[in-house]
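Below: one structure, written as structure tokens.
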Amino acid sequence: MRIKWKLSLAVTGLAASAAFGAALWPHAQASLAVVAAQDDPARLSELQVASLLQSDPARIARNIEDALAAGDPDLAESFVALASDHHVALDEAQVQRVNEAVAAEKAPSSVARRFATGLVTGQADDVASLSGTVAGDLFVFGDIRDAVREGKHLVMGEETDRLVLGLATAGLAVTAATYVSAGGAAPVRAGLTLVKDARKVGRLGEGLAAWAGRSAREVVDAPVLQQAVASGSVLRPGATATAIRAAFRAEKAGALVRLAKDVGRITEKAGTRGALDSLKLAEGPKDIARAARLAEAKGGQTRAILKLLGRGALLLTAGAFNLALWLFSALMTLLGVVASLKSMTERAAQGWIDRGKRRRLRRMQAAAARAELAAAAPCG
């Protein structure tokens, strides 16, 4: 009776573990897929976006409304592309409003105005204004302005934005390379300009800003730059640019140029605002490299993905704990199943052994009884 009770308990434990495991398996399977995709930003974002939309399909429509209300049709268009990729149905009237807003933003008068703003102010937040900003830097005025301003702060012992200074100095050197290579270095040139603009308007992540600041400091020969700034002027752009370029340490600029190149790749595939969103989220150059891979795979969807997932689009962050918890729970459930099977097997085997012992005991007792009867028969 005791063995039967223990066997019943083991069977109950096995059934409970199996039921819990069946309920847990989809979550554990999804978590395992996400963990396996941690080095592939495109696949990682696909899995996480699919999970979000499964629990809240209306999330995209709400984000489109928020983007339109904020005057950001580019982001709204990105969400429309994401909805199409994930087969999420949208209201036709809402899609039409997005198309109209995008068309208005791309109108010639609007593009010309933003181009002029980028050219004059040196600040960009879309393709048109970035084109103006890059044009200003290609004609060296923008970089000379920034290098002379920050260089004078350095000479006077005042607070200096060494990141802007280093980017402007590197930009002048890359601009010369752009002309020599007939535009071959243009993506790097655009990337440097965008990083510099992001720094100016406070859209550069703290971790990335700290890294870029250290890198920019290394690419500038301070004594040479001080001499160039002392005699330089935006009124003599050619001579000033040549003098400032002499302060550029090309051998120290590899990491900074790679960062600029990755930013250029993001801009090409996801647009200027996509690059700015990436710069805001990034904590280092590896994040930007991942963002470039994401942009190359997802194109116009990139901004929507970054908006939904944040840095989670680039790597496993806070969600990693939840994923690990699901996997740990699945492992514990598996161990529970194994333990229950072991216990059930042991109890069944013990029951079979005990039944065999009882049968042998009964046979021995019966044989002894027959022997006694046979020995007593002659006396009768």
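The values are calculated or read from the model by the stated rules, or taken from the named source; none is laboratory data. Please read these numbers as outputs of a predicted model, since none were measured by experiment. Calculation scope for accessible area: heavy atoms of the full protein, side chains included, ligands and nucleic acids excluded. Shrake-Rupley method; radii C 1.70, N 1.55, O 1.52, S 1.80 Å.
In terms of modelled amide H atoms, which long-range or inter-chain residues lie less than 5 Å from the amide H of Val220? For Val220, whose amide H was placed from the backbone, the distant partners under 5 Å are Arg249.
Gain in length, Ala103 to Ala50, computed as 0.36 nm per residue apart minus the alpha-carbon separation, to one decimal in nm?
Details: separation 53, 0.36 × 53 = 19.08 nm, distance 2.93 nm.
Here the segment from Ala103 to Ala50 would lengthen by 16.1 nm.
Spatially, segment 68-95 and segment 145-166 are offset by 43 Å when compared through their Cα centroids.
So which of Lys252/Lys286; Lys196/Lys252; Lys196/Lys286; Lys106/Lys286; Lys269/Lys307; Lys106/Lys269 end up more than 21 Å apart by C-alpha?
Working: Lys252/Lys286 18 Å; Lys196/Lys252 18 Å; Lys196/Lys286 18 Å; Lys106/Lys286 33 Å; Lys269/Lys307 17 Å; Lys106/Lys269 17 Å.
Among Lys252/Lys286; Lys196/Lys252; Lys196/Lys286; Lys106/Lys286; Lys269/Lys307; Lys106/Lys269, the Cα-Cα distance tops 21 Å for Lys106/Lys286.
Of all aspartates and glutamates in the structure, those lying under 13 Å Cα to Cα from Lys298, and not within fewer than 8 positions of it along the same chain, are Asp40, Glu46, Asp85, Glu268.
Taking a cut-off of 12 Å between Cα atoms, list the aspartates and glutamates near Lys152, but don't count ones fewer than 8 places away on the same chain. Filter leaves Asp161. Rolling a 1.4 Å probe over the protein heavy atoms leaves Phe248 with an accessible area of roughly 40 Å². In straight-distance terms, cross-link reach from Lys280 covers every one of the aspartates and glutamates whose alpha-carbon lies under 16 Å from its own, apart from those fewer than eight places away in the same chain; here that gives Asp125, Asp126, Asp197, Glu206, Asp262.
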